[in-house]
Amino acid sequence: MIEFLRRRLVRPVRDQLTQGLSPEAIALTIAIGLAIAVIPVVGTTTVLCTAAAIVLRLNQPLIQAINYLSFPLQLAFIVPYLRLGRLLFGGPAVRMSAQELAAFVSSRPLEAAEALWRVTLQALGAWLATAPLIVAVVYLSLRPVLRAAAGRLRSGRAAAVRAVAAPCGPSTAGEEQALVAVPVVDGEEANGR
């Protein structure tokens, strides 16, 4: 599981930091992707993440990776959003667990749509009320972490390419010798990452 997260989340973020995307842009992409990923309507997040990335000029692969990795969170947040929507807007209680709700929607979709349209709208209202808070908390939490990681990556890259003094021809008294910069590749880059 740790290797899966490292391969699917950590490496893409690290690669984006080393390819010129700013820590702020990455933090914003992750924050908006996570906020959209927990919307309480299954099947809408890919289109919404795509639209948000286009309109806000966010990184499309990164926002979709966050979206797909957050699917378990979306399922976990459906019932709490239904309850919060009921609390905020009133209406009938949903007396189903997440598993019962999923079974109802998948086995009888038309009946479920008719029975759940109002509570779904209330859940969307609850999501709209909490989404800005999710974006703010995630963005403000990730920004300093990503800035520090970018600084470490930059300093690591600078150390990996060091100038090696090599004379470029004979030098006479009073002349300065020219130096040749020779890139030194660290082990991870040499193995093709």
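The values are calculated or read from the model by the stated rules, or taken from the named source; none is laboratory data. The shown structure was predicted, so the numbers you read here are calculated from the model rather than taken from an experiment. Counting neighbours? That spans all protein chains shown, and the Cβs are built from the backbone with ideal geometry, glycine included. The area values use the complete protein model at the heavy-atom level, side chains included, leaving out ligands, DNA and RNA. Shrake-Rupley method; radii C 1.70, N 1.55, O 1.52, S 1.80 Å.
Key figures for this structure:
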| item | result |
| --- | --- |
| Hits in segment 55-82 - residues which are aliphatic (A, V, I, L, M) and open to solvent by 30 Å² or more (accessible area, probe 1.4 Å) | VAL55, LEU56, LEU69, LEU73, LEU75, ALA76 |
| Checking TRP117 against (1) at pLDDT below 85; (2) within 14 Å of PRO40 (Cα to Cα); (3) not hydroxyl-bearing (Ser, Thr, Tyr), the condition it does not meet | (1) |
| Helices (runs of 4 or more DSSP H) wholly inside segment 1-104 containing at least 2 residues that are among the acidic types (Asp, Glu) and in contact with a Gly (Cβ under 8 Å, 6 or more places away or on another chain) | none |
| Qualifying residue in segment 87-109 (condition: in contact with a Pro (Cβ under 8 Å, 6 or more places away or on another chain) and either more than 21 Å from ILE32 (Cα to Cα) or open to solvent by less than 80 Å² (accessible area, probe 1.4 Å) (or both)) | no |
| Pick from segment 110-123, criterion closer than 16 Å to PRO92 by Cβ and among the hydrophobic types (A, V, I, L, M, F, W, C), ranking: surrounded by the most Cβ atoms within 10 Å (Cβ to Cβ) | ALA123 |
| Residue check, ILE32 open to solvent by less than 40 Å² (accessible area, probe 1.4 Å) and touching a Leu at 6+ places or on another chain (Cβ under 8 Å) | yes |
